[in-house]
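The values are calculated or read from the model by the stated rules, or taken from the named source; none is laboratory data. Since the model is a prediction, treat every value here as computed from it, not as a measurement. Positions of Cβ are generated from backbone atoms using ideal geometry, with glycine treated the same way; all protein chains shown enter the neighbour counts. Heads up: the accessible areas ignore ligands, DNA and RNA and are worked out on the full protein's heavy atoms, side chains in. Shrake-Rupley method; radii C 1.70, N 1.55, O 1.52, S 1.80 Å.
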Amino acid sequence: MSRAQCFPSIGVDELISHLRDLASNVWWSWNEEGWSVFQTLEPSEWRATNHSPIGTLERTTPARIAALACDPMFVKRVYDGLAARAAYLGERAWFQRGASAQMAGLRVGYFCSEYGLHESIQQYAGGLGILAGDHLKSASDLGIPLVAVGLAYRHGYYIQQLARDGSTVVLYPDYDFARWGVEDTRVTIGCPIGSRIVTARVMRMWVGRVPLYLLDTDLKANAPEDRKLTEGLYKGEPHLRLRQQVLLGVGGMMALKALGEKVTVLHLNEGHAAFAALQRTVDLHSSGRPIQEAFDAVRRATVFTTHTPVPAGHDRYDPKMVAEELASLALRAGLSSEELADLGRIKPGDPKETFCMTVLALRLAQRVNGVSQLHGEVSREMWKEFYGLPASKVPITSITNGVHVKTWIDPDAERFWQSASGLRLSKQAPKATGWRHVEGCDQDAFWKLRGRLRRRLVHFVRDRLAMQCKRRGEGQTAVAATYSLLHDDALTIGFARRFATYKRAPLIFHDAQRLAAILSNSDRPVQLIFAGKAHPRDEGGQAFAQKIFAMTRDSRFVGRVAFVEEYDMHVGRMLTAGCDIWLNTPIRPYEASGTSGMKTPLHGGLNLSILDGWWPEATDGINGWSIGGTTEVPDPAARDDADAQSVYALLEESIIPQFYERDEAGLPRGWIARALHSAATVPAVFNSHRMVAEYTRKAYVPAFQIRGS
Ligand SMILES: *Cc1c(COP(=O)(O)O)cnc(C)c1O
């Protein structure tokens, strides 16, 4: 294309190539200098593609691109974005500044079955993926030498729609990996699974300084059932699931080797990835190490994070199936089928015991942790039999989850904290002491920020409801009516999570009459916004979504309860920023940690939560509200009843009165004090920089130092 007729000018092709360059590293997603360039490029396409840089670029008209090539302000922003990224990538970060020469060989191989990096890269089902995505971004910011491994799912998880009767419609789109800015490494591996060698190509996605390698088996070279290995996340069927996990662990290790990535420490994020440690053991054995020594060496250098406090949540397989799928590995290791099966059993030799991925991981990792203090406790109790020790002596520690602040904080909120209390987030260091000072900020300005964030959420939800309504073919009047639902200024409660049944999404409707009275008080209105996906095979979870959908149509709740389909990172960001209260009602102690509640305080919102997961560590009685107590009620009906009563009482007696108690200036002083206290106490601790620094100090570095050679 010709050079545009303007000055100062840049060729159109040159501009496109710079934009592609900027899109080639997911760095753009957590840095405004990155993503805002693509938003400006074509705002409507930016929205239409769910904020995909390459998608936006491809859908922007040549005329528009030519015009922007003549716009010196725009061209400057592109150069500035690239320069900011180059500076970031070249900087000595926290780890480099503190690492001694002996740390030179540390390189962590991080394995996870899902990654939540951005809404336009739909490769996550829920909290595990979000956590892994945040882990990679913080590892990059802090300069931790880490490479990540996962699978590239053609259909992602799934796209959720609700039909007119509220039943879940499951859609499987076909993603074009090129739209995510991945590069083909041109490396392929042949992973032995069962009696076949499955070919996988390895793609690389850059997450700041961290490479994420993704395996794809959807290739002509493979048998149809092998092509399906990377079709989608958690399709459910156990045989497919096992084979996917062989691909992730065994194939992932093979990929690292083929790429020349010399990993010294393994981090298995959840049991799904445990075969990676087994493959590493066999590699060591093949290079001459006796098998027992190889096991010991790998064990010393392996870190395992468990995420599942529910016994039924751990993957268990028929040992025969495992022996078949891993026959080639067992042969290389010189292990019989029974010896292999025993690696996944609490009691080796017990033919009745199935093969458990968590047990395999516990056996192959010296450093094991849960994801909150409470979950650490629960895990020690759950696995004491494996260790043959009393729970208090079980060597499972805890490293509490955190969120990547730059990913989750709203730019408006970030600018507000910056100007109102001098908070600076750009520092690439784990300390987040700046939050301490936010309590002194201007209360009037803070309340205005809250109003903006809530109003923006209300408008976003109305738009979504109108779209949903249109899609269901509900007619003009119904569509138009969505624009009068919800209030800009009403106390807004959010609930968004995976609709696993233990999370009890409908709990707040336990006594619908009482809730209706609470919501519809015209002096003190309250509204509820829900979002969340149930697993395609989870009928109970889908029934919960249907129940809430029905409530949005119930005459007692119309206009005060909304359900937003397709909970993704964007919906998550909007909701956690705009809601005044973030509701969390799991059955204690089934929520290993939870992280969505950590996103609300970044915006001066408050938690209303069961004392489960991370919340008991965070709450001081002022920065939010706690539902129920810490004693477990075994009878499900009595438990739900008690927890629901506790929610109503807190709303009626404390939350609603404080939100609506205004002074002469129209400010709810008591509420604001609590909200600012939430911002001052939660993000400083529950962020992923602190979390990754903790993994580095307590797990990666010690594992590296004692690994032997
Ligand atoms: C933050 C987040 C999660 C994890 O939150 P939980 O508290 O574990 O439910 C899951 N999904 C999305 C889209 C998120 O943004």
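Summary table
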| read-out | value |
| --- | --- |
| Full-extension gain in nm, A104 to L259, via 0.36 nm per residue minus C-alpha separation | 53.9 nm |
| Dipole magnitude of the stretch 644-709, debye to nearest 20 (Cβ charges: Lys/Arg +1, Asp/Glu -1, about Cα centre) | 640 debye |
| The chain - percent of accessible surface contributed by carbon and sulfur, probe 1.4 Å | 53 percent |
| Using θ = phi - 60° and Karplus 6.51 cos²θ - 1.76 cosθ + 1.60, couplings along the stretch 133-149 (whole Hz; Gly, Pro as x) | x, 5, 4, 5, 5, 5, 4, 5, 4, 8, x, 6, x, 9, 10, 10, 9 |
| Cross-link partners of K431 among lysines (Cα-Cα below 26 Å; sequence separation of 8 or more within a chain) | K137, K406, K599, K698 |
| Contour minus Cα-Cα distance for R514 and K220 (0.36 nm per residue) | 99.9 nm |
| Most positive-pole-ward Cα, L259, A101, L519, against dipole of the chain from beta carbon charges | A101 |
| Calculated diffusion of the chain, Stokes-Einstein form, Kirkwood radius summed over Cα pairs, 37 °C and 0.692 mPa s, µm²/s | 123 µm²/s |
| R0 of 56 Å, Cβ-Cβ distance H437-A480: FRET efficiency to nearest 0.05 | 0.75 |
| Pair-distance profile P(r), taking every C-alpha pair of the stretch 162-230, with 5 angstrom steps and integer % | 3, 14, 19, 18, 14, 12, 9, 6, 4, 1 |
| Normalised contact order of the chain, rounded percent, pairs of Cα under 8 Å and 6 or more residues apart | 13 percent |
| Square roots of five times the Cα gyration tensor eigenvalues for the stretch 271-359, Å | 22, 17, 11 |
| Helical mean residue ellipticity (222 nm; -39500 (n - 2.57) per DSSP H run of 4+; nearest 500) of the chain | -12500 deg cm²/dmol |
| Heavy-atom accessible area ranking, 1.4 Å probe, most first, across R47, R380 | R47, R380 |
| Cα-based Rg and Dmax for the stretch 398-519, where Dmax is the largest Cα-Cα distance (Å) | 19.2, 53 |
| Cα centroid separation, the stretch 364-389 to the stretch 105-177 (Å) | 26 Å |
| Dipole of the chain [Lys/Arg +1, Asp/Glu -1 at C-beta], most positive-end residue of W408, G604, I16 | I16 |
| Accessible area expressed per residue, the chain, with surrounding protein chains retained (probe 1.4 Å, Å²) | 37 Å² |
| In Hz, Karplus ³J(HN,Hα) per residue of the stretch 204-218 (6.51, -1.76, 1.60; θ = phi - 60°; x = Gly, Pro) | 10, 10, 8, 10, x, 8, 8, x, 10, 9, 10, 9, 9, 9, 7 |
| Under-5 Å amide H pairs with I193, H placed in peptide plane, nonlocal only | V198 |
| Estimated distance in nm for a label pair at K76 and A312, the labels positioned 7 Å out from Cα along Cα-to-Cβ | 6.1 nm |
| FRET E, pair H459, Q418, Förster distance 25 Å, beta-carbon r, rounded to 0.05 | 0.50 |
| Amide H contacts under 5 Å for V403, placed H, 5+ residues apart | N687, S688 |
| Descending principal axes extents, the stretch 1-84, alpha-carbon based, whole Å | 33, 27, 18 |
| Sites H570 and E14, calculated FRET efficiency, Cβ-Cβ separation with R0 41 Å, nearest 0.05 | 0.85 |
| Label-point separation in nm, R64 to I197, each point 7 Å along Cα→Cβ | 4.8 nm |
| Residue-wise HN-Hα coupling along the stretch 307-314, computed from phi with Karplus coefficients 6.51, -1.76, 1.60 (Hz; x: Gly, Pro) | 10, 10, x, 9, x, 6, x, 8 |
| Global form of the stretch 124-204, assessed from the alpha-carbon gyration tensor, a/c cut-off 1.5 | oblate |
| 5 angstrom amide H check on F563, placed H, neighbours 5+ away | F530 |
| If the convex hull is drawn through the Cα atoms of the stretch 65-104, its volume per residue in Å³ | 66 Å³ |
